[in-house]
1. Are there any helices (runs of 4 or more DSSP H) wholly within region A:1-110 with 2 or more residues that are under 30 Å from A:T160 (Cβ atoms), and if so which?
2. Would you point out which residue out of A:G271, A:G249 is touching a Phe, Trp or Tyr at 6+ places or on another chain (Cβ under 9 Å) and modelled with pLDDT under 95?
3. Let me confirm something: among A:S188, A:S217, which residue is within 14 Å of another protein chain (Cβ to nearest Cβ), at pLDDT 85 or above and farther than 17 Å from A:N16 by Cα?
4. Just to verify a result, which residue in region A:126-168, among those that are in a loop (DSSP other than H, G, I, E, B) and facing chain B (nearest Cβ under 9 Å), is farthest from A:M182 (Cα to Cα)?
5. Surrounded by fewer than 21 Cβ atoms within 10 Å (Cβ to Cβ) and without any contact (Cβ under 8 Å) to a residue 24 or more places away in the chain, is that true of B:H179?
6. Quick one: what pairs do we get from region A:19-36, first residue crowded, with 24+ Cβ neighbours inside 10 Å, second aromatic (F, W, Y), C-beta under 6 Å, 6+ apart or different chains?
7. For region B:223-260, give me the residue count where each residue is at pLDDT below 80 and of a type in the set (A, V, I, L, M, F, W, C).
8. Sort out which residues of region B:135-145 are assigned to a loop (DSSP other than H, G, I, E, B) and away from chain A (no Cβ under 14 Å), and write them in order of number.
Amino acid sequence: MIDQLLAPFEFEFFRNGLAVATLAGALCGLVGVYVVLKGMSYIGHGLSHAIFGGFAASALLGVNVLLGAGVWGAASALMISGVTRRRVIGADAAIGVITTASFALGIALFAVFGGAGGSFDAALFGSVLGVGSADVWAVAAVWVFALAVVVLRYRALLFTTFDPEVAGVSGVATARVDALLMLVLAASILASMRVLGVTLIAAILVIPATVARMLTSSFAHMLVGATAIGAVCGFVGMNLSYHLDVQSGPTIVLVGATVFAGVFVATRQRGPAGG
Amino acid sequence: MNGRPHREGDRLVELRQLTCAYRSAPVLVDVDLTVAPGQFSGVVGPSGSGKTTLLKAVLGTVGPRSGSVWRRPGLALAYVPQVETVDWSFPVTVDECVLMARTTRRLVPWASRDERAEVAEVLERLGIGELGDRHIRQLSGGQQQRVFIARALLARPQLLLMDEPTSGVDVKTRHELLHLLNDLNAQGLSIVVTTHDLNGLAAHLPHLVCLNQRVMGAGAPRDVLTADVLERTYGAEMEVLEHGGMPVVVDRYPGPSNVVPLRRSAAT
């Protein structure tokens, strides 16, 4: 039994995939706290789809995928941030247009130029195959960047998330803080896309934070809890992915959904912590 | 707040011929007002009269369409929003909420020893010293207001702006809040509150502004809580009685005879 569980650790691609999944789960858990509390779940979902357009364009143009999709993702994130702040049209409608158009462009590019069937599926649903040490370093670098932003701008992020209007009049540069958060979100999606897949990444942004919210009434504890839950989902999900021979994205999401259901049932008598 | 001219040293904020609008609809029209150091003013008026916009114009979050807003250079402002706008399910404890006011950057997210002592001191001062670890939703209406006042005070403001501080609170809590604000004002803090509560709050304040897009009256409650000013402010007939030396405003209902008329047993 133990031998069976440890068997995949012989393979370097699995060890790399497991490291990326665990780090990506923790990263999405951490960033997801802000996504959930700011009511940005739809932005997270849309942004992951928008980045797919950049991924497709980079793959076909022969540009480094992380670089190309990263520039595309950052541009999409800043555009979404600008549109949601201006409130000229409904934010959900604007995000829907920007992100689904980018996603559609990605699909169209693959359809017209073809030749990338494997990477197409991997981008949509996540895959452990082909994950190399460069991917581990990339997600680790984004993890350090996100952690640095959360630690160094802790109060500004908290104040802007809780009460942006009062934060603004209290001297917090809320537009800059929002833009920084969008860049962290875009970088996190980009780094996690390989193993989680663009269609499923929103779930890992939302589930760990939501579970942590049900367990604590403290913001600081929610950050730590969501990070830990995300890491556990990534680790367990990647192991299950190997043993069940199912793509990594769906298994990680299903592990998260199971944790959510368990905590929801266990806490339903008392409602959200502190409530 | 009042309409008379001040020397620069006598004022914290001055609005001159201020007109504000959302898109094409004007919300404030030709408003002239001054906030002096140590002043404690209430702004009253019907829903949509521009009370919150007036506060936001002072804060600088709503810009003038015409006219001007002058703030004393370096003026420290703090704002307590309506409690209805607060997300009470947000996972923050009282300590975390109050500490938001410390916007200075630190290399670590947790509070320093000095900051913790400051938070404890301000919570103690407001009578909620033992509630630091509680989630904000676990507090009563009055305690919730005090948390947001504590957050505002931690920023060491010279002028505190509060939007409907007694909205939805019971009589006892309203009395406690009024005492608290009076104490803070006596310690030198200038305060401007908006309120719908003419008898429970406005009549007890030293200075009132009646607002309905324009300033309909400004001065001591005895001078502005008159039938004429109130009718121009609210567009409805009201009667002003006197009870224990204080003005008491009652509706004068001109409707059909099958509606029971208001009793005036409390009147002198």
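1. On the way: elements: A:2-6, A:12-37, A:41-61, A:65-86.
Hits in region A:1-110: A:12-37, A:41-61, A:65-86.
2. Working: A:G271 fails: touching a Phe, Trp or Tyr at 6+ places or on another chain (Cβ under 9 Å).
The unique qualifying residue is A:G249.
3. Numbers: A:S188 fails: within 14 Å of another protein chain (Cβ to nearest Cβ).
None of the others qualify; the one that does is A:S217.
4. Residues of region A:126-168 that are in a loop (DSSP other than H, G, I, E, B), as a first pass: A:126-132, A:153, A:163.
From what is left, the residues that are facing chain B (nearest Cβ under 9 Å) are A:153, A:163.
On the way: A:R153: 14, A:D163: 17 Å.
Of everything passing the filter in region A:126-168, A:D163 is farthest from A:M182 (Cα to Cα).
5. On the way: surrounded by fewer than 21 Cβ atoms within 10 Å (Cβ to Cβ): yes; without any contact (Cβ under 8 Å) to a residue 24 or more places away in the chain: yes.
Taking the combined requirement at face value, the residue satisfies it.
6. A:L23/A:W143; A:L27/A:W143
7. 2
8. To start, the set of residues in region B:135-145 that are assigned to a loop (DSSP other than H, G, I, E, B) comprises B:139-140.
Listed by number, the list holds a single entry, B:S140.
The values are calculated or read from the model by the stated rules, or taken from the named source; none is laboratory data. It should be emphasised that the depicted structure is a prediction, and the values quoted were computed from it without experimental measurement. Quick reminder, even Gly has a Cβ in these numbers, built from the backbone with ideal geometry, and neighbours come from all protein chains shown.
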